Amino acid sequence: MIVNKKGQITIPKALRVKFGMSPGCNVEFRMAGDALTLRKVTAHRRAGEIIQRMRGAGGIAMSTDEIMALTRGPR
């Protein structure tokens, strides 16, 4: 495979079919020593990773009632 000017590569069709990679699917690169691997990321795994990154990001302590009042607006 050759990396083009935009840093893109083409995954051969046989590999895309074998691993169920269709347009729009999520993939990730992993480094291990001097090796770089590519793998398909399932929606379930992707959601878990996003949640993990967001965990603890909220710095304001609010009760459920306070949050609901903010989302409902003035009455």
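The values are calculated or read from the model by the stated rules, or taken from the named source; none is laboratory data. Everything quoted here is computed from the prediction, not taken from an experiment. Glycine also receives a Cβ, built like all others from the backbone with ideal geometry; neighbour counts cover every protein chain displayed. Surface areas here come from the heavy atoms of the whole protein model, side chains and all, with no ligands, DNA or RNA. Shrake-Rupley method; radii C 1.70, N 1.55, O 1.52, S 1.80 Å.
Give the carbon-plus-sulfur fraction of the accessible surface of the chain in %, rounded to a whole number; probe 1.4 Å, heavy atoms of protein chains only. Result for the chain: 60 percent of the exposed heavy-atom area is carbon or sulfur. Its DSSP H runs of at least 4 residues, each contributing -39,500 (n - 2.57), put the calculated 222 nm mean residue ellipticity of the chain at -10000 deg cm²/dmol, to the nearest 500.
Mean separation of Cα pairs under 8 Å and 6 or more residues apart, divided by the residue count, gives the chain a relative contact order of 15 percent. Using the 1.4 Å probe convention, the accessible area of the stretch 3-75 works out to 93 Å² per residue with neighbouring protein chains retained. With the simple model of a label 7 Å out from the Cα in the direction of the Cβ, residue 2 to residue 66 spans 6.0 nm.
Going through (i) 17, 43, 30, 10; (ii) 21, 54, 23, 3; (iii) 13, 28, 25, 14, 14, 6, 0, the figure that equals P(r) over Cα pairs in 10 Å bins from 0, in percent as computed for the structure here is (iii). Taking 21 Å as the straight-line reach from the Cα of residue 18, the lysines in range (excluding those fewer than 8 positions away in the same chain) are 40.
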